[in-house]
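Peer 1: The structure under discussion is supplied below as structure tokens; questions concerning it will follow.
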Amino acid sequence: MKAEIIDGKAYAASLRARIAQGVTAFQATAARVPGLAVVLVGEDPASKVYVGAKEKQTIEVGMVSFAHRLPADTTQTDLIALIARLNADPKVDGILVQLPLPKHLNELAVVSAIDPDKDVDGLHVVNAGRLASGLPGLVSCTPLGCMMLIHDALGADLSGKNAVVIGRSILVGKPVAQLLLAANCTVTIAHSRTADLPAVVKRADIVVAAVGRAQMVKAEWIKPGACVIDVGINRVPAPEEGKTKLAGDVDFEGVAEVAGSITPVPGGVGPMTIACLLHNTLQAAQRRESVPEVKPI
Ligand code: GUN
């Protein structure tokens, strides 16, 4: 194997340690700790696991976690009323509504009800607009985590690098493209209708794969030495009968022979997402209390 393996698990652990120090410093000035409210509606098993992990790590860095578990038949009116209470609560710096919501709820309307300055998921259109306009805001967690890992692998200066983002979702593809552009990369957003995707990817110094198709990106597509960031989390059959395992959007074994650096799945981008949620919560708290922002990276 030729590529450096980018260890997202270790990076996320060191980021959480720095956030914990930031929480201590915040508390010394603001006389309280940052608070994160997490709202879970219904019984989706994966969402329950994610929310449990978010609560645990929030407490581990010294913040306070406000958990709201609501039944699957919660009405839109009741959910928006809860968000209004959290918006008005001075102890709450960040609000996260776990997605997907049950089908009868309108996700866009629910996310739009969150105060943009407490939108630690960075999903509110105001934060998407701030990002596109180069204004300070809250940046969605997975794209922020991708950028931290890219800087870790390639250094602070990404100017002039060709970056190809595969996928155009609101959650990952579009915001990561904006962040790469802000870092002076030449950015291409590729998607399901892109002509000759392998040739497009072959030009990239940085590849961010966020399509949701297991092992789609092949070794032959990769420019030797490129930095490859794999956002995919796909379940595929495991070698053992009847079992499944996690696979990214990148054919890791093949691509690692060509790339200069690569994130594994699991243990790459995944652990960064919750660490960046905590980063955003600290940042939101610092801004709300006019405490100087200490950049954790
Ligand atoms: N569901 C899966 N990923 C996410 C995320 O990053 N934020 C929220 N709110 N829900 C999710």
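Peer 1: Has segment 26-37 got at least one residue that is more than 30 Å from residue 101 (Cβ to Cβ), surrounded by 21 or more Cβ atoms within 10 Å (Cβ to Cβ) and in contact with a helix residue (DSSP H, G or I) (Cβ under 9 Å, 6 or more places away or on another chain)?
Peer 2: Within segment 26-37, one or more residues are more than 30 Å from residue 101 (Cβ to Cβ), surrounded by 21 or more Cβ atoms within 10 Å (Cβ to Cβ) and in contact with a helix residue (DSSP H, G or I) (Cβ under 9 Å, 6 or more places away or on another chain).
Peer 1: Further, regarding this structure: Would you kindly identify the strands (runs of 3 or more DSSP E) lying entirely within segment 205-244 that contain at least 1 residues that are acidic (Asp, Glu) and either at pLDDT below 95 or within 21 Å of residue 272 (Cβ to Cβ) (or both)?
Peer 2: On the way: elements: 206-209, 227-230, 234-237.
So the answer is 227-230.
Residues checked against (1) more than 20 Å from residue 152 (Cβ to Cβ); (2) in contact with a Lys or Arg (Cβ under 9 Å, 6 or more places away or on another chain); (3) among the charged types (D, E, K, R); (4) open to solvent by 20 Å² or more (accessible area, probe 1.4 Å):
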{"site": "241", "(1), (2), (3), (4)": "yes, no, yes, yes"}
{"site": "246", "(1), (2), (3), (4)": "yes, yes, no, yes"}
{"site": "265", "(1), (2), (3), (4)": "no, no, no, yes"}
{"site": "268", "(1), (2), (3), (4)": "no, yes, no, no"}
{"site": "271", "(1), (2), (3), (4)": "no, yes, no, yes"}
{"site": "284", "(1), (2), (3), (4)": "yes, yes, no, no"}
{"site": "288", "(1), (2), (3), (4)": "yes, yes, yes, yes"}
{"site": "295", "(1), (2), (3), (4)": "no, no, yes, yes"}
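Peer 1: On to the next question. Output the residues belonging to segment 38-55 that are surrounded by 13 or more Cβ atoms within 10 Å (Cβ to Cβ) and of a type in the set (A, V, I, L, M). Full working, then the answer.
Peer 2: Taking segment 38-55 first, the residues surrounded by 13 or more Cβ atoms within 10 Å (Cβ to Cβ) are 38-42, 44, 47-48, 50-55.
If the condition is that a residue be surrounded by 13 or more Cβ atoms within 10 Å (Cβ to Cβ) and of a type in the set (A, V, I, L, M), then 38, 39, 40, 41, 51, 53 are the ones that fit.
Peer 1: With 133, 112 as the choices, which residue is within 21 Å of the chain's Cα centre (by Cα), modelled with pLDDT of 95 or more, of a type in the set (Ser, Thr, Tyr) and surrounded by fewer than 16 Cβ atoms within 10 Å (Cβ to Cβ)? Write out each step before concluding.
Peer 2: Numbers: 112 fails: surrounded by fewer than 16 Cβ atoms within 10 Å (Cβ to Cβ).
Unique residue meeting the criteria: 133.
Peer 1: Of all residues in segment 208-258, which are within 21 Å of residue 189 (Cα to Cα), out of contact with any Pro (no Cβ under 8 Å at 6 or more places or on another chain) and among the small types (Gly, Ala, Ser)?
Peer 2: Those that are within 21 Å of residue 189 (Cα to Cα), out of contact with any Pro (no Cβ under 8 Å at 6 or more places or on another chain) and among the small types (Gly, Ala, Ser): 209, 210, 212, 214, 219, 225, 226, 232.
Peer 1: Any residue at all in segment 82-89 that is surrounded by fewer than 17 Cβ atoms within 10 Å (Cβ to Cβ) and β-branched (Val, Ile, Thr)?
Peer 2: no
Peer 1: Something else now. Considering each of 58, 75 in turn, give the residue that is open to solvent by less than 30 Å² (accessible area, probe 1.4 Å) and among the hydroxyl-bearing types (Ser, Thr, Tyr). Before the answer, list the steps.
Peer 2: Values: 75 fails: open to solvent by less than 30 Å² (accessible area, probe 1.4 Å).
Every option except 58 fails the conditions.
Peer 1: Here is a further query. Give segment 170-202 a look and list any residue that's open to solvent by less than 60 Å² (accessible area, probe 1.4 Å) and within 16 Å of the ligand (Cβ to nearest atom), or say none.
Peer 2: The answer is 172, 173, 175, 176, 179.
Peer 1: So which of 274, 262 ends up being within 16 Å of the ligand (Cβ to nearest atom), under 21 Å from the mean Cα position of the chain (by Cα) and within 30 Å of residue 58 (Cα to Cα)?
Peer 2: Values: 262 fails: within 16 Å of the ligand (Cβ to nearest atom).
None of the others qualify; the one that does is 274.
The values are calculated or read from the model by the stated rules, or taken from the named source; none is laboratory data. Because the structure is predicted, anything quoted here is derived from the model rather than measured. Don't worry about glycine lacking a Cβ; one is built from the backbone with ideal geometry, like all the others, and counts go over all protein chains shown. Areas reflect the complete protein model, heavy atoms only, side chains present, ligands, DNA and RNA absent. Shrake-Rupley method; radii C 1.70, N 1.55, O 1.52, S 1.80 Å.
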